[in-house]
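The structure appears right after this line, and notes come after that.
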Amino acid sequence: MSTTEQLVETFHRIASDVCERELPKLEASTMISDLGLDSLQVLEIVGAMERELKVTIPDDQLVGIQSVNDLVGLLQRRLA
């Protein structure tokens, strides 16, 4: 199972690739809206994480995701 730290690092790497710029260091508490990502970029990041981690997140579970920690927690539950 992936640790919170590993998943935050994975999010950071993929998000930096998607937005084609190096994002500042992320904490689990970082709000996704503070990263300057649009909704399409967020969906692209989630899709890339799903493919890399070989997990599927139903769209209805993405509603309310606000922080990196929210997404990491959801991924950890799907991986369990």
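Taken together, the values in this text are just the output of simple stated rules run on the coordinates, not laboratory data. Predicted model, so just to flag it, every value in this text is computed and none were measured. All Cβ positions, glycine included, derive from the backbone under ideal geometry; neighbour counts span all protein chains shown.
So if I place +1 on the C-beta of Lys and Arg and -1 on the C-beta of Asp and Glu, and nothing else carries charge, what would the dipole magnitude of the chain be about its Cα centre? I want it in debye, nearest 20. Before the final figure, lay out each step's value.
Working: 7 positive and 14 negative charges, 53 e Å.
My answer is approximately 260 debye.
Grab the Cα-Cα distance for Glu9 and Ser29, subtract it from 0.36 nm times how many residues apart they are, and report the gain in nm with one decimal.
Values: separation 20, 0.36 × 20 = 7.20 nm, distance 1.30 nm.
Separation in residues times 0.36 nm, less the Cα-Cα distance, equals 5.9 nm.
Which is farthest toward the positive dipole end of region 4-79 among Met49, Ala15, Leu79, measuring Cα position about the Cα centre, with Cβ charges +1 (Lys, Arg) and -1 (Asp, Glu)?
It is Leu79.
Amide H to amide H under 5 Å from Ser67: which residues, 5+ apart in sequence or cross-chain, H placed 1.01 Å off N in plane?
Ile32
Counting each pair of different Cα atoms once, what's the Kirkwood radius of the chain in Å, rounded to one decimal?
Values: mean 1/r = 0.0802 Å⁻¹.
12.5 Å is the Kirkwood radius here.
Within the chain, which complete DSSP H helices have Cα atoms spanning at least 20 Å along the helix axis and a mean Kyte-Doolittle hydropathy of -1.0 or higher?
Numbers: long enough: 4-19 (22 Å, -0.01); 39-53 (21 Å, 0.55).
Taking the DSSP H segments of the chain (at least 20 Å long, mean hydropathy at least -1.0), we get 4-19, 39-53.
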